[in-house]
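Notes for the one structure printed next.
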Amino acid sequence: MKRIIFPKIFAVDVLERIRRELIFYISLFFILWLLLLFLFPRLFPYLMFPYFKILKGQPLVFTSLEEALFVILRASFYLALIISLPFLLIRLWKAISQEFYEPEKVFFKKLFFVSFSLGILGLLVGYFLFIPTILKVFLFFGRDFSANLKINYFLFFVLRVLLFSVFVFQIPLFFALLIKEELITEEFYKKRRLYFLGFFYVLSLLLSPTDFFTQILLTLFLFLFFRLAFLIAKFFK
């Protein structure tokens, strides 16, 4: 499999184009942040949908007016960052793509497409699967407890879970790049299949050190991601 050749992209004119794109992006980001700040009352029910679906009629609380204000500021900031980040990557790619050869251009277009698709899939899985599942586990583990959650803790819990989900769904892409560069081959995997399973189980121990059932599920989850990486690597050919 042909390796990717990286030309010199740190010439003065390229850095100047990157600087212009960053300035444009920062301006656009602050405009989007202000827009989301004013639209946040309409967006808030969608962020809280998993919570209100499980605990119907039980509101979240805040202890001061300043707390609610800072929650809106921070949450709208993170939302603006999540929404605008793909746009930044596209603009930066346009700034440096002229310095690449045609095979490398095709490769990076595929790379952005796969990464963006996996990121969207990660957001959907995190929103519709991870968050409701985690809420059910932590809110119903004891009948003698009542949920009285503060809005800032819960809202940023949602954002962290979504960010974690997006990150986890980039794992197949990481393995696919290793496979493309022939650092991992099909023959190497077949000879050391048990070693890979052991490696994934060690990772699951670090992520879920106390629950054996979760460790097994996470190990299988990582293993499926690893197998998916071979299909993605074929797409990069």
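The values are calculated or read from the model by the stated rules, or taken from the named source; none is laboratory data. Owing to the predicted nature of the structure, the values given are computational and were not obtained by experimental measurement. Don't worry about glycine lacking a Cβ; one is built from the backbone with ideal geometry, like all the others, and counts go over all protein chains shown. What goes into the accessible areas is simple: the full protein's heavy atoms, side chains included, and nothing from ligands, DNA or RNA. Shrake-Rupley method; radii C 1.70, N 1.55, O 1.52, S 1.80 Å.
Go through the residues of segment 154-161 one by one and say whether even a single one is of a type outside the set (D, E, K, R) and not assigned by the TED database to the domain that holds residue 48.
From segment 154-161, those of a type outside the set (D, E, K, R) are 154-159, 161; that's our starting set.
Applying the additional criterion that residues be not assigned by the TED database to the domain that holds residue 48 yields none.
No.
For segment 98-110, the criterion of being within 23 Å of residue 174 (Cα to Cα), in a helix (DSSP H, G or I) and at pLDDT 85 or above is met by at least one residue. Pairs, please: C-beta under 9 Å, at least 6 apart or cross-chain, first residue without any contact (Cβ under 8 Å) to a residue 12 or more places away in the chain and in segment 106-135, second open to solvent by 30 Å² or more (accessible area, probe 1.4 Å) and of a type in the set (Val, Ile, Thr)? Listed pairs, sorted by first residue: 120/166.
Yes/no matrix, rows are residues, columns are (1) at pLDDT 85 or above; (2) surrounded by fewer than 12 Cβ atoms within 10 Å (Cβ to Cβ); (3) not in a helix (DSSP H, G or I):
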site: 6; (1), (2), (3): no, yes, yes
site: 18; (1), (2), (3): no, no, no
site: 21; (1), (2), (3): yes, no, no
site: 35; (1), (2), (3): yes, no, no
